[in-house]
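Worksheet: the structure to be examined is printed underneath.
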Amino acid sequence: MALFDLSLDELREYHSDSVAPEDFDAFWAKTLQEARSYDLDACFEPVDAGLSTVRLYDVTFAGFGGHPVKGWLRLPVNAEEPAPLVVEFKGYGGGRGLPHEDLLWASSGRAHFVMDTRGQGSGWGGGGSTPDPVGSAPAYPGFMTRGIDAPENYYYRRVFTDAVRAVEAARSHPLTDASRTVAVGGSQGGGITIAVGGLVPDLVAVAPDVPFLCDFPRATVLTDRHPYREVGLYLRTHRGRTEEALRTLSYFDAVHFAARGRAPALFSAALEDQTCPPSTVFAAFNAWAGSDKTIEVYDFNDHEGGGPHHEAAKLRWLRSYA
């Protein structure tokens with residue numbers, strides 16, 4: 001599809017109608033306090049993946065509810081001093097993948113931690129290995145409506161909490177430099193990155209690419225692509241629950257985390273992206289509270305965004321921060 005959303009000039013001025021709940025900050029403070037009542041218990045097991053330039057660890061740490069969450073930590077093989085740390089979150093349906101994947105950041109001389117997304121890892125890529133032991137009320141297949149009956153039950157409450165704990169786990173390794181921590185991710189991983197940027201105040205930079213989980217009131221009625229479409233299909237059956245669902249989603253809208261994020265930020269958006277429409281991405285970018293922010297726009301791309309071109313842009317940009 002060609003351009004279907006607002007013009008670029010309109011996108012640069014667009015602001016979401018989503019309203020943050022009055023207890024948004026209290027909700028997340030309590031959620032993280034409860035998570036931190038469990039010992040982080042970060043365990044780093046060396047893995048021999050046959051690589052000669054990267055040192056690899058299989059990581060387990062306690063996420064939401066003390067549940068075990070997996071990850072990979074990759075380090076340059078000759079690292080002797082703490083290295084700048086890149087924490088990465090994966091796209092919808094993907095997992096942490098296989099040990100030899102995702103070597104870009106470690107190859108750049110940085111420590112690279114990739115979080116497995118609970119319950120996912122069966123849609124694409126090399127797979128995942130973290131279950132989600134929490135059930136939910138009736139939901140449409142996928143993850144977008146799991147626990148949508150109440151903020152306390154919603155799936156992304158667990159995922160965003162896992163993500164904050166992932167940063168803490170990665171920082172606990174002696175060869176990562178906690179003072180130079182960056183969060184990155186694309187699509188769902190981009191939305192998680194924005195959430196972490198709003199919940200972890202001392203990141204040195206964030207780089208969300210074509211982020212998902214932004215501006216729910218607009219996204220859920222603008223595109224009929226999944227995953228946003230899961231919400232509409234749920235409400236098609238559960239008539240009359242729209243207000244209840246949007247209330248729950250408001251606690252997880254990346255727009256509201258962006259309003260609390262102050263680290264330097266590099267966003268990306270694609271103007272033909274029907275999965276994460278550009279107006280929803282700009283809603284989060286325009287809400288980002290930090291003044292040092294940039295957005296790369298890919299005019300004729302769909303959800304693939306900038307691809308390897310944007311990877312090169314991130315590598316150049318990140319030199320100034322970590």
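The values are calculated or read from the model by the stated rules, or taken from the named source; none is laboratory data. Since the structure is predicted, the reported quantities are computational estimates derived from the model, not experimental observations. All Cβ positions, even for glycine, are placed from backbone atoms using ideal geometry, and neighbour counts span all protein chains on display. Side chains included, ligands, DNA and RNA excluded: accessible areas come from the protein's heavy atoms. Shrake-Rupley method; radii C 1.70, N 1.55, O 1.52, S 1.80 Å.
Before moving on, here are some points about what is shown:
- Test result for GLY109, out of contact with any strand residue (DSSP E or B) (no Cβ under 6 Å at 6 or more places or on another chain) and closer than 26 Å to ILE295 by Cα: no
- Restricting the stretch 143-182 to residues that are among the aliphatic types (A, V, I, L, M) and assigned to a loop (DSSP other than H, G, I, E, B), the residue that is farthest from ARG239 (Cα to Cα): LEU175
- The residues listed here are LEU73, LEU98; of these, the one that is open to solvent by 20 Å² or more (accessible area, probe 1.4 Å) and outside any helix (DSSP H, G or I) is LEU98.
- Identity of the residue in the stretch 281-305, open to solvent by 10 Å² or more (accessible area, probe 1.4 Å) and among the small types (Gly, Ala, Ser), that ends up farthest from the chain's Cα centre (by Cα): SER291
- Restricting attention to the stretch 48-60 and to residues that are surrounded by 18 or more Cβ atoms within 10 Å (Cβ to Cβ) and not β-branched (Val, Ile, Thr), the residue that is farthest from ARG165 (Cα to Cα) turns out to be ARG55.
- Checking GLU88, GLU81, GLU45, GLU22 one by one, the residue that is closer than 29 Å to LYS314 by Cα, of a type in the set (Asp, Glu), open to solvent by 50 Å² or more (accessible area, probe 1.4 Å) and not in a helix (DSSP H, G or I) is GLU81 and no other.
- Tabulated pairs, the stretch 139-158, first within 19 Å of GLY123 (Cα to Cα), second basic (Lys, Arg), C-beta under 6 angstrom, 6+ apart or interchain: ALA139/ARG146; TYR155/ARG146
- Checked against the criteria, VAL221 does not count as more than 21 Å from GLU22 (Cβ to Cβ) and crowded, with 20+ Cβ neighbours inside 10 Å.
Matching residues to (1) open to solvent by 20 Å² or more (accessible area, probe 1.4 Å); (2) closer than 23 Å to LEU75 by Cα:
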| residue | (1), (2) |
| --- | --- |
| GLY135 | yes, no |
| VAL164 | no, yes |
| GLN188 | no, no |
| VAL200 | no, yes |
| PHE216 | no, no |
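- Test: residue in the stretch 284-307 that is under 25 Å from GLY147 (Cα atoms) and assigned to a helix (DSSP H, G or I): yes
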